[in-house]
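Encoded as structure tokens, the structure appears first; notes follow it.
The values are calculated or read from the model by the stated rules, or taken from the named source; none is laboratory data. These numbers come from a predicted model, not from an experiment. Because the Cβ atoms are built from the backbone with ideal geometry, glycine has one as well, and the counts that use them run over all protein chains shown. Ligands, DNA and RNA are stripped out before the accessible areas are found, and what is left, the full protein with its side chains, is counted by its heavy atoms. Shrake-Rupley method; radii C 1.70, N 1.55, O 1.52, S 1.80 Å.
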Amino acid sequence: MTTIAEASPPPAERSPEEAGPEADAAAGSGGSGAGKWIGGQWVPAGRVSRAQADSELQTTSSGIRIPFRWEVAAFVALIAIALLLRVWGLGDRAVHHDESLHGFFAWDIYQGRQYLHNPLTHGMFLFHTIAGTFFLFGDNDFTLRLSMAVFGAGLVATPLLLRNRMGQVATLIAAGMIAFSPTLLYFSRFARNDIYIAVFTIVLIGAMFRYIDERKNRWLYVAAAALALGFTAKENMYMVVAIIASYLAWRTAPEIWDWLMGRRSLKQFSPEAGFLVLVIALTLPLFAASISIFDTALGLNLSADNGTPGLATGEPEAGASFNIAVATVVILLLAGWSLGMLWKPKAWAISWVIFAAIFTLMFTNFFAHPGGIGSGIWQSLGYWLEQQDVSRGNQPWYYYFMITSSYEFLPFVLAIGTAAFYAFRTGLFAWVLLAVAAIFFSIAGYFSLDDGRTHSDAVVILPTVVGIAALAAFAMYARTTSFMRFLLFWSIITFAAYTFAGEKMPWLLTHLTLPLIFVASKSLGDIVMHVKWRPSLSRGSWLLLAGVPLFFLLLWRLIFIDVEGNFQSFFGLFLLLATLGMLLVGQQHLGSRIGHTAAWGSTTIVIALMMFGFTFRAGWIASFVHQDVPQEILVYTQTSQDIRQVANEIEVAGALTGEGRTISLSIDTADSYAWPWHWYLRNNTGALFQDLSRDDASAAQGVEIAVINERNNGKVESDYRNAYTEPRKIQHRAWFPEDYRGLTPKVFWDTIWDRDRWRGSIDFFVYREFSGEIGSVDSYVYFNNSLPLSPLN
């Protein structure tokens, strides 16, 4: 992995923002830092004219310079392709359980009814956005997902906010990776909040670095809007804010210490420290519910557990708990205002108004429900703190390692390679930190696997925290630019935090994928800009396009070759080894002609191109081939197409009988079978929803169509035998087989050393084939004998 020396300004010329930890104090004390970012490089004032600074990207060491109009054309093409991939067949997939919840409640808003904030379904931004889409284009499966598709395509453009830091080529690479990422593609076609958060996260980070570089207040206002929209979209924003604040606090620790000691005022803070003030001051009240972790010690009930009578999960109990909750919010609000006014009064006030206006409008349903302010501020965090011990999904700690390597292997491998490169570049200290992290994570992993302890046990938590701290230190002290330090910090801490969190779900991979993409694209961009391509190609580097794939194909053959002890087998092995050796010698010879750095850089790019091919294939299969079948871990669980077919039959039956949307139906809601039926029957006024698993429940009589949970079929079979047709069995939903659970150290090491066990992993990676069976739950559909059935077929 190679990076360009020019990416980091020389120590004597480095800006305060890029000088690294050793210059933080100087940066905050008014040292000279005037200049401009051009093509990912800091150019000090006086070294270039304004015309140069405002011109197109300057030529770097490779001589590569993409004309502005070509760059614009490339971005337009990527966004157009991304949009096409995201809207093509958008309404074809059956509506998922979660999607039906989001769609139905958004439809309620569209119909002029109320939907009040419930942290179970996250923030209100999704519901208002979907309702707006319904208003503009009507309500159907396509428009249910349309806003996510648009945001997913828009996400492709967000790297432009970081173009000055990334460089021209790296920005284009990041946009391309986002456009074709299997995870980002799939969840841009899924009515969930995660793709919104992805956009708001990059906008927030882009605004941060733009403010640090340009020191213009408008970026504070953009950041305030991104923060507010993020918190009204989903609670992941708490984690985003914590990560960004931790990075800025580490970077500006000397300034913060000087302020605490009275040696510096907030007005004297550097842009980095000032941005930290903005983030903390705006979000302090939203973290008030975090005091609920001391419930037991204080003898209070600040965030009610799930199932507490008379209280919603995460809600404070009336009396002392409620009063303390209100007081905490007010104190933190005043503390935030004090910090802001002592820092930049006018900019702070404008930022706060922007933040408060967005937050208030979303959570109060545009002032229709003022109480939404309270639930948005307190329950958003309180609910999810209570849910961590529930561990929804109940996935093992290695879940994200498994799913990332199945779908996001391109940025994952490149990010690991980047970290390794900077570890070598930094020296012994980096390797000590990585060794500490590896040791403590191994301890935590051992107890998690071997003794079955959960994430809440101290024997797992303490080593995990030490490991995360060591990785954070490695990222912050890596010998590179502060921007790459941030990217490494962001990706490492995000991956560790989501791995440590109790809830693990495939859609959360969205938030792990983004930082990995930026690390990978920045590294690839640096390589592209460093290699002198014209002389390299003329001296044979183009041969790597054939040599590298051939090397991996032969290596693959070598791994699985069976040597049977005869001459033919040994000769085949000799030919494989000889050919591999010749390819390695050829790569070294190429290095002597074009430089070893250029040779390895070119090799890395070819490997990335190979992985991109697999990436595109994985995304296409997940989003278009298996979108309705949980043959992908990414799909997890999915509503069957049988549900859509029956919904269409109900509509046809209504037309044939003349009853239309008033046709009488009975839907068994046992085991959450009400969803997605509430969505599909949202316009039907004759539907009866009842839980037939209840002892006092009985089959509805006289309805035209009944859909019965499989386990309750025996309860209605005799009642429906004469008046209804023979029941038709349909699949309600299906899920991916979770045979990967229960991994132990012995199973892990046996798999490493047993080639036959590799084949199962390879079969899934390439062909999505596995030995387990897809699980499912089913229903029975009864049609009244009075219906004209032949037209339904």
> Taking region 667-745 as the region of interest, what is the percent of Cα-Cα pairs per 5 angstrom bin, listed from the shortest bin to the one with the maximum distance?
Replying inline: 3, 13, 22, 21, 17, 8, 5, 4, 4, 2, 1, 0
>> As a test of reading the structure, rank His102, His589 by solvent-accessible area (1.4 Å probe, protein chains only), most first.
In response: His589, His102
> Hey, what angle do you get for helix 482-500 against the long axis of the chain, alpha-carbon based, 0 to 90 degrees rounded to 10?
Replying inline: 30
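How much length is gained if the chain between Ala320 and Ile293 is pulled fully straight, taking 0.36 nm per residue apart and subtracting their Cα-Cα distance, in nm to one decimal?
Numbers: separation 27, 0.36 × 27 = 9.72 nm, distance 1.61 nm.
The Ala320-Ile293 span can extend by a further 8.1 nm.
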>> So, taking all protein chains as they sit and a 1.4 Å probe, how much accessible area belongs to Trp107, in Å² rounded to tens?
In response: 20
> Tell me which lysines have Cα within less than 18 Å of Lys504's Cα, excluding those fewer than 8 residues away on the same chain?
Replying inline: Lys234
> By how many degrees, 0 to 90 and rounded to 10, does the Cα axis of helix 97-110 deviate from the longest principal axis of the chain?
Replying inline: 80
> Using θ = phi - 60° and the Karplus form 6.51 cos²θ - 1.76 cosθ + 1.60, what ³J(HN,Hα) does each residue of region 519-534 get, whole Hz, x for Gly and Pro?
Replying inline: 4, 5, 5, 5, 5, 5, x, 5, 5, 4, 6, 8, 6, 7, 5, 4
> Per the 1.4 Å probe, what fraction of the accessible area of region 118-235, in percent, lies on carbon and sulfur atoms?
Replying inline: 67
> To the nearest Å, what is the center-to-center distance of region 408-441 and region 716-761, using C-alpha atoms only?
Replying inline: 37
>> Take Val76 and Ile350, extend 7 Å from each Cα along the Cα→Cβ direction, and tell me the distance between the two endpoints in nm.
In response: 3.2
> Leaving out ligands, DNA and RNA but keeping every protein chain, what accessible area does Ile293 have, in Å² rounded to the nearest 10, with a 1.4 Å probe?
Replying inline: 120
> Which trypsin sites (Lys or Arg not before Pro) from region 179-230 combine a DSSP loop assignment with at most 14 other Cβ atoms within 10 Å?
Replying inline: Arg215, Lys216
> Got a number for the accessible area of Thr685? Probe 1.4 Å, square angstrom, nearest 10.
Replying inline: 110
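So, counting K/R as plus one and D/E as minus one, what does the shell of residues with Cβ under 15 Å around Ala419 add up to?
Values: positive: Arg425, Arg479, Arg485, Lys522; negative: Asp526.
So the environment of Ala419 carries a net charge of +3.
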> Where does helix 141-155 land angle-wise versus the long Cα axis of the chain, in degrees 0 to 90, nearest 10?
Replying inline: 10
> Based on DSSP H runs of at least 4 residues, each adding -39500 (n - 2.57), what is the mean residue ellipticity at 222 nm of the chain after dividing by all its residues, to the nearest 500 deg cm²/dmol?
Replying inline: -19000 deg cm²/dmol
> Under 18 Å from a point 7 Å along the Cα-to-Cβ line of Phe614: which residues of region 407-426 have their amide N that close?
Replying inline: 407-418
> Does a label point 7 Å from the Cα of Leu550, set along Cα-to-beta-carbon, have any residues of region 602-631 with amide nitrogen under 13 Å, and which are they?
Replying inline: none
>> For region 641-729, which trypsin sites (Lys or Arg not before Pro) pass both filters: DSSP loop (anything but H, G, I, E, B) and at most 11 other C-beta atoms within 10 Å?
In response: Arg694, Arg721
> Hey, which of these cross-link pairs are over 23 Å Cα-Cα: Lys344/Lys522; Lys216/Lys344; Lys216/Lys267?
Replying inline: Lys344/Lys522
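Per residue, how large is the accessible surface of region 538-622? Use a 1.4 angstrom probe and give square angstrom.
Working: 5070 Å² over 85 residues.
Heavy-atom SASA per residue in region 538-622 reads 60 Å².
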>> At 1.4 Å probe radius, can you tell me the per residue accessible area of region 721-776 in Å²?
In response: 69
>> Please compute the length gained on full extension between Leu576 and Arg69, using 0.36 nm multiplied by the number of residues separating them and subtracting their Cα-Cα distance.
In response: 177.8 nm
> Can you pull the percent of region 706-793's accessible area that's carbon plus sulfur, 1.4 Å probe, other chains left in place?
Replying inline: 52
